[in-house]
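A.B. asks: Dumping the structure here so I can ask a few things about it.
The values are calculated or read from the model by the stated rules, or taken from the named source; none is laboratory data. Nothing here was measured: the structure is a model prediction, and the numbers come from that model. Cβ: placed from backbone, ideal geometry, glycine included. Neighbour counts: every protein chain shown.
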Amino acid sequence: MLTAIETAERILTVIETAERILTAIETAERILTAIETAERILTAIETAERILTAIETAERCCVNKSCWRPFFIS
């Protein structure tokens with residue numbers, strides 16, 4: 001039969017293990033947040049690349065760029 005001290009030690013071990021598991025879960029949540037942020041950054045970069053491509057295409061189509069004026073005149 002376990003003594004009170006042995007029981008207390010086992011309970012403490014279980015609590016410490018639970019704390020380590022909680023820390024691991026919190027770390028995993030931070031990693032997931034970082035991945036989601038990286039995905040948003042990548043999406044923003046891809047969007048910027050598409051905008052740049054559209055501008056370059058428009059510049060090639062508008063030799064004298066007079067077709068741009070209506071977009072900038074308010």
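A.B. asks: Residues in the range 56-65 that are loosely packed, with under 10 Cβ neighbours inside 10 Å and either modelled with pLDDT of 95 or more or assigned to a helix (DSSP H, G or I) (or both): how many?
C.D. replies: The qualifying residues number 2.
A.B. asks: Just to be sure before I move on: is A48 at pLDDT 95 or above and either in contact with a Pro (Cβ under 9 Å, 6 or more places away or on another chain) or small (G, A, S) (or both) in the structure I sent?
C.D. replies: So A48 passes the test.
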